[in-house]
């Protein structure tokens, strides 16, 4: 049945499948609140197409990443695989409980999710047990955790998205990966256009949301010269240097109307996940990724506008 699960997941678009015994998770983990009889956690990972970053790299088209690498992955491709794997388990007399991210529910009152509109998020929902997908993916043997807290895989680096199935079937586990990809280069820190990642690798999610949406004008081809004209610190915002509190972030986000979001409230990533891309390029240049391409991703100096264009 384990091989049938892998085959089913891959026939439905998955690239990697891993299995973690429930014993790898703490006794008070959310998986046991969701399904106390969990015996195995199945991690299913999908590559993010490298080509969806191409338009952002060239400063030409931005909708491919948001619609194809986030929206369609989360709303179409991944749920289809979850359903098929869960159906297979039920055919064998076991339960399969699909687990995908609930993008608009957060337990933390003062936080946000950069990928969706902040005013669509419901905060403080403490009885909705959700778990850390990156940690769960590591426990399923899919990869390791990067310095800035994302999953890294041998094949695709950080260009990966995950979902899970909880089941009462006992399945042979996947071995844990020995961390070897992240070398602590901190390019994720230096390449963020809004300095949202601290020196210790933690991310200010409100600041991340502001610059994920494109508040740095030197990296946003859609920003008009008079952007944020009613804000005194507009040049600091445009340069990625402004002080950003949650309330300030909302002020800025309410004024970023230069490029439309996707259908399901997914915000357009104008930064192109610069942290993940910098990580990917570094790993590719080191030659440690097993998935090879004919040409390197970065082939020329990144384009950039001058701050004086907004003065």
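Among the residues here, residue 135 does not qualify as part of a loop (DSSP other than H, G, I, E, B) and free of Cβ contacts under 8 Å to residues at least 12 places away in the same chain.
For the range 7-34, a residue qualifies if it is under 15 Å from residue 167 (Cα atoms) and surrounded by fewer than 19 Cβ atoms within 10 Å (Cβ to Cβ), and the qualifying residues are 21, 23, 24, 25, 30, 32, 33, 34. There is at least one residue in the range 78-94 that is closer than 30 Å to residue 281 by Cβ, in the same structural domain as residue 13 (by TED's automatic domain parsing) and in a helix (DSSP H, G or I). For the range 53-61, check the following and say yes or no: at least one residue is surrounded by 17 or more Cβ atoms within 10 Å (Cβ to Cβ), more than 22 Å from residue 293 (Cα to Cα) and at pLDDT 95 or above. Within the range 53-61 (the criterion being surrounded by 17 or more Cβ atoms within 10 Å (Cβ to Cβ), more than 22 Å from residue 293 (Cα to Cα) and at pLDDT 95 or above), the answer is no, since none of the residues qualifies. Only helices (runs of 4 or more DSSP H) whose full extent lies in the range 1-77 are considered here, and the ones with at least 3 residues that are farther than 24 Å from residue 90 by Cβ are 54-58. Here is the figure for the range 249-271: residues that are in a helix (DSSP H, G or I), within 22 Å of residue 191 (Cβ to Cβ) and in contact (Cβ under 8 Å) with a residue 60 or more places away in the chain total 2. Looking across the range 140-164, the residues that are surrounded by fewer than 20 Cβ atoms within 10 Å (Cβ to Cβ) and either at positive phi or in a helix (DSSP H, G or I) (or both) come down to 141, 149. If the condition is being in contact (Cβ under 8 Å) with a residue 60 or more places away in the chain, within 18 Å of residue 54 (Cβ to Cβ) and in a loop (DSSP other than H, G, I, E, B), then the range 272-300 contributes 272, 273, 289, 291, 293, 297, 298.
Considered as a group, the residues in the range 236-256 that are surrounded by fewer than 17 Cβ atoms within 10 Å (Cβ to Cβ) and under 30 Å from residue 298 (Cβ atoms) include one that is nearest to the chain's Cα centre (by Cα), and that residue is 241.
When restricted to residues that are over 15 Å from residue 13 (Cα atoms) and touching a helix residue (DSSP H, G or I) at 6+ places or on another chain (Cβ under 9 Å), the range 45-93 contains 21.
Listed by first and then second residue, the pairs linking a residue in the range 91-104 that is free of Cβ contacts under 8 Å to residues at least 60 places away in the same chain to a residue that is buried (at least 18 other Cβ atoms within 10 Å of the Cβ), with Cβ atoms under 9 Å apart and 6 or more places separating them unless they lie on different chains, are 93/169.
The values are calculated or read from the model by the stated rules, or taken from the named source; none is laboratory data. Keep in mind it's a predicted model, so treat the numbers as computed, not measured. Positions of Cβ are backbone-derived with ideal geometry, glycine not excepted, and every protein chain shown enters the neighbour counts.
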